[in-house]
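Below is one structure; the comments refer to it alone.
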């Protein structure tokens, strides 16, 4: 039985807790939140053991356990650092830290202590991302030439977010979400896929802006960003994030032979399709009835849809625990977490500044065994 400790019982924590039902090999040793009432409500709802301090949680974890840092983003650096100093492997909700110098210091500390430091999101380990990766490796669309990735969530400030509650009753943290911004919160969902397939981004050419002012807690935080990513060994990619444009979570990979696509970044079981290119009566077009691409074998445990997401949030922690027990490198490596953080921060902080060369590097990710 593999062991987890959970720090933070807010909105996102329920998405991790509900995945426990399909991951029977995982055990939660302890849960802590500085808000005692929220801690009690969460633990009673999920029948999990509560402790009254961070020190107590760290003491409850064995050396091969994993800390899940699900706190508010402004606390990520402090909590991640404390856990690493205590000699614990850490899986952090995104972002790893709010500033790049903080992320670098965490990466250095983890290396010094011989610890794993992984960052959400883990949807890169899910069926949809792995199916697209399989299609790329097997040349189904031919050589990839251009990628468009969209993470637009609709005009969120006009949504009924004051009534959004998690399963155990935690409110959606609107002020935190608007203060941190949709790029830091969401870009990783496709950045993780792209870095896994192609490795390092060498240059980011981006712009970001606040297009909807006066949101609670926003303080000028960008609610729109667009970036052109230049990989060391991959196709040019355009990634857009917003909480203004109509909902669109598509990714389209344009190859010599046609287009691979997926419509739902937040659904592990989202359909992956290929539309071959053809000429009909002198008109060049993609086939109007794309075929679905499927993997040849069973994949991973799936979680039923709740709200906007149908993702197994424990695929990342499980990968870390498997890497520990099998004494192999973790797919969600320390370098992966640091590089994704640098790219994300470059997009978030771009403003009207233009290009930025990346200083970190990350190798492409080994596919899951069922997606070879």
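Just so you know, all these numbers are worked out from the coordinates, no wet-lab data involved. Since this is a predicted model, take the numbers as computed values, not measurements. Using ideal geometry, Cβ is built from the backbone for each residue, glycine included, and neighbour counts are taken over all protein chains shown.
At-a-glance table
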item: Over region 279-359: Kirkwood hydrodynamic radius from C-alpha pairwise inverse distances, Å; result: 17.8 Å
item: Gap separating the Cα centres of region 153-174 and region 309-330, nearest whole Å; result: 29 Å
item: Relative contact order (%) - criterion: Cα under 8 Å, at least six apart; region: region 299-372; result: 25 percent
item: Projected-area average for region 2-119 over all orientations - Cα convex hull basis, square nanometres; result: 6.6 nm²
item: Mean Cα-pair separation over length for the chain, i.e. relative contact order, pairs under 8 Å, 6 or more apart, %; result: 20 percent
item: Least to most buried among 94, 304, 215, 271 (fewest other Cβ within 10 Å first); result: 304, 271, 215, 94
item: Whole-number D in µm² s⁻¹ for region 214-372, Kirkwood Cα-pair radius fed into Stokes-Einstein, 4 °C, 1.567 mPa s; result: 68 µm²/s
item: Gain upon complete extension [residue 138, residue 109; 0.36 nm per residue less C-alpha separation]; result: 6.6 nm
item: Ranking of 340, 368 by count of other Cβ atoms within 10 Å, fewest first; result: 368, 340
item: Estimated FRET transfer efficiency when R0 is 22 angstrom, pair residue 146-residue 361 (beta carbons, to 0.05); result: 0.45
item: Per-selection Kirkwood Rh - the chain (Cα, Å, 1 d.p.); result: 21.1 Å
item: Contact order normalised by residue count of region 1-95, Cα under 8 Å, 6+ apart, percent; result: 32 percent
